[in-house]
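Down below is the structure, laid out as structure tokens.
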Amino acid sequence: MDDLRLATRRAFVQLVDTCLEEQAALLVLAGDVFDGEWRDFNTGLFFVRELARLREVGTQVVMVRGNHDAESVLARHIPLPEHVFTFSVDAPETREYPRLGLAVHGQSYGARSVEDNLAEAYPARRRDLFNIGVLHTNAVASAEHGNYAPCTVAQLVRQGYDYWALGHVHRRMVLHRDPWVVYPGNLQGRHAHETGAKGCTILRLDGLRVDRVEEREVDVLRWAELVVSADAARDMDDLLGQVRLGMQRALADAGGRAVLTRITIEGTTDLHATLAADPASVQAQVRAIAAELGELWPEKIRFVTRPPIGETGELYDLYQALRDELRDLAEDPAALARYSESLAPLVTAAAPFLGHRPDDPQRLIARLGDLESLLLARLGAGSTVSRISSIPHAAPTTWAQGEGEDARTHEV
């Protein structure tokens with residue numbers, strides 16, 4: 001699928017096109033332009049060629065290296081054009097553009113893991129210039145990202161700059177206004193957890209004052225999550241009709257872009273037995289609907305349903321006992337360890353191929369919900385979760401961003 005394989009490059013081209021259309025004076029890249037594990041120099045050459053397009057119209061570029069750039073072979077060896085300024089890894093510094101009325105402050109990462117609060121040493125604001133701080137940081141204590149260069153929004157505000165362009169967090173967030181503190185997010189969603197529109201932020205100035213801060217979409221395909229309730233579905237046709245409507249909405253929201261969607265059918269329904277007996281057939285029907293609608297591909301199709309059951313009786317008591325036992329295992333490491341002993345032969349055989357130990361306690365706890373679904377489905381008394389993955393995930397490619405975070409995605 002070329003849309004997926006080339007998505008990050010095409011999104012970066014759209015970023016450069018946006019700079020040209022807007023006649024931007026400056027492009028700010030706030031880190032993680034390259035992935036540390038990516039060694040294809042054609043990626044670096046592509047990056048240089050795109051930046052060269054900006055040189056022809058006088059757009060300046062400033063960038064900091066983030067945690068992925070710090071370990072990147074490309075970042076260390078690809079020479080950048082003279083209109084591109086990369087901040088030092090040794091200490092924060094200031095790059096002044098007097099003709100533009102700008103002072104830009106920043107520091108790059110010299111190593112993947114930067115635990116110091118870099119913002120503490122950022123230079124004082126320059127008088128009579130519009131001051132921009134560029135920082136690759138976890139300023140919101142996000143558990144989804146490494147706690148690199150941690151700081152607080154209050155600290156950034158006290159610095160006295162007019163605008164902070166932050167990188168590292170993949171979701172667009174405006175953390176403060178006057179002064180502006182902005183995570184624009186990445187240019188292109190990389191996987192099913194990075195749903196919705198992705199792009200860059202455009203900052204318009206009126207002299208030394210912020211006139212407007214705008215969000216601009218530059219992604220070329222969208223990830224979407226579609227959750228369909230089967231609670232009120234009268235029959236399978238009714239349920240598939242709801243799936244169709246959800247897919248149509250996802251395509252409409254994407255504005256003509258291709259869509260990759262993770263579909264979950266959930267709820268308490270009389271259709272549970274049918275879904276549990278032959279999930280592959282229903283998945284095939286869902287994929288057929290997607291193919292009919294056009295540029296939409298189900299990345300994964302899941303069923304999380306249960307049949308209607310009463311709250312009394314032998315079956316209900318068994319159901320409750322099983323759920324209680326599994327929840328006790330999740331809270332009792334010693335009990336979980338006793339069960340995991342039976343996995344020893346499997347661990348020995350499979351660990352070299354998996355790259356991890358299947359009996360790792362955290363992995364086991366994470367899978368207890370799936371185990372509950374499987375056992376209850378066998379009993380005919382609970383939820384079933386059937387999964388199919390239609391897109392094999394490979395190593396991430398490595399792409400650039402607007403002011404915010406890396407725009408890497410998975411290649412097929």
Next item on the list: State the Cα centre-to-centre distance between the range 276-297 and the range 185-206 in whole Å.
Entry: 30
Next item on the list: Extending each Cα 7 Å along its Cβ direction at residue 270 and residue 41, get the distance between those two points in nm, one decimal.
Entry: 6.8
Next item on the list: Could you go through the range 17-31 in sequence order and give the Karplus-derived ³J(HN,Hα) for each residue, using 6.51 cos²θ - 1.76 cosθ + 1.60 with θ = phi - 60°, rounded to whole Hz, and x for Gly and Pro?
Entry: 4, 4, 4, 5, 5, 8, 6, 5, 7, 8, 10, 10, 10, 9, x
Item checked: Semi-axis lengths (Å, descending) of the ellipsoid that matches the C-alpha gyration tensor of the range 84-136 -> 22, 12, 7
Next item on the list: Check each of the trypsin sites (Lys or Arg not before Pro) in the range 214-255 and keep only those in coil by DSSP with at most 16 other C-beta atoms within 10 angstrom; list them in order.
Entry: 234
Next item on the list: Can you tell me the order of 148-157, 250-259 when each peptide is scored by its average per-residue count of other Cβ atoms within 10 angstrom, highest first?
Entry: 148-157, 250-259
Next item on the list: Go ahead and run the numbers for FRET between residue 324 and residue 121, Cβ-Cβ distance against an R0 of 51 Å, rounding to 0.05.
Entry: 0.40
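No lab work stands behind these numbers, since they all come straight from the coordinates. In this text, all values refer to a predicted model and were calculated from it rather than measured experimentally. Counting neighbours? That spans all protein chains shown, and the Cβs are built from the backbone with ideal geometry, glycine included.
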